[in-house]
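K.L.:
Here's a structure for you.
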Amino acid sequence: MSYYVIDDHPLMREAVVMLLRRARPGATVVEVDRLDAVDAAVLTHCTPELFCLDLKLPDTEGVSGVRELKAHYPNTPLAVLSAAPASEWEDQCVEAGADIYIEKSAGAKQIAAALRALMVAESDFETLAPGDTKLSKRQKQLIVMLEQGLSNRDIAEQLGISEHTVKVHLWRLFRRLEVKSRTQAVHYARHHGLIAN
């Protein structure tokens, strides 16, 4: 298992590496300071299981780094860690393929929780087979809350978790249901009898 931290700021890169090593002792954590060094690093190390990408690198512009990573590694979870406010970049990053947007100002505890949620074994979140409607208890809770129209903040408060963790849970749910939005998730759930019509 290998996690890649792509950040041109050495102190921030080391901090994220430390969080990942605490979350997964023994995992290979690869540090890269620019996007164009990722492919060479992947050839040297294991296949990536998670990318932690700084939004603003010397060799990227806007969300170009997100697009490039997703083009080469479409199935690898991608967390964008940025100093820029989520209100400015989150939607663009998610549209470009990022799985979660985390503000660097969130603090170590929240960042670690969001990254840990992305590192959950894929076997726990396999895509549903046709007719298979098995969801975890948490996923069933999320479906009900989505149907109620609750915001991420409301969901976080009700479940006693951070908004970042809510985003990761939603990402996992969307992947499991093979949908891309809250509306599609609720429609899927209604159509497959996961919630009452």
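The values are calculated or read from the model by the stated rules, or taken from the named source; none is laboratory data. As the structure is a prediction and not an experimental result, all values here were calculated from the model. Don't worry about glycine lacking a Cβ; one is built from the backbone with ideal geometry, like all the others, and counts go over all protein chains shown.
K.L.:
Scan segment 90-108 residue by residue and report those that are in a helix (DSSP H, G or I) and within 22 Å of Arg175 (Cα to Cα).
P.N.:
Across segment 90-108, the qualifying residues are Glu90, Asp91, Gln92, Cys93, Val94, Glu95, Ala96.
K.L.:
In segment 45-61, which residue that is out of contact with any Asp or Glu (no Cβ under 9 Å at 6 or more places or on another chain) and either small (Gly, Ala, Ser) or surrounded by fewer than 19 Cβ atoms within 10 Å (Cβ to Cβ) (or both) is farthest from Met119 (Cα to Cα)?
P.N.:
That would be Glu61.
K.L.:
What is the residue count in segment 174-197 for residues that are at pLDDT below 85 and either over 26 Å from Asp91 (Cα atoms) or of a type in the set (A, V, I, L, M, F, W, C) (or both)?
P.N.:
Count: 5.
K.L.:
Hand me the list of strands (runs of 3 or more DSSP E) wholly inside segment 1-84 holding 2 or more residues that are of a type in the set (Gly, Ala, Ser) and within 26 Å of Gly107 (Cβ to Cβ).
P.N.:
Qualifying strands (runs of 3 or more DSSP E): 78-82.
K.L.:
If you go through segment 148-197, how many residues are in a helix (DSSP H, G or I), β-branched (Val, Ile, Thr) and either in contact with a Leu (Cβ under 8 Å, 6 or more places away or on another chain) or in contact (Cβ under 8 Å) with a residue 40 or more places away in the chain (or both)?
P.N.:
5
K.L.:
Kindly evaluate Gly97 against the criterion of being small (Gly, Ala, Ser) and within 24 Å of Ala156 (Cα to Cα).
P.N.:
Taking the combined requirement at face value, the residue satisfies it.
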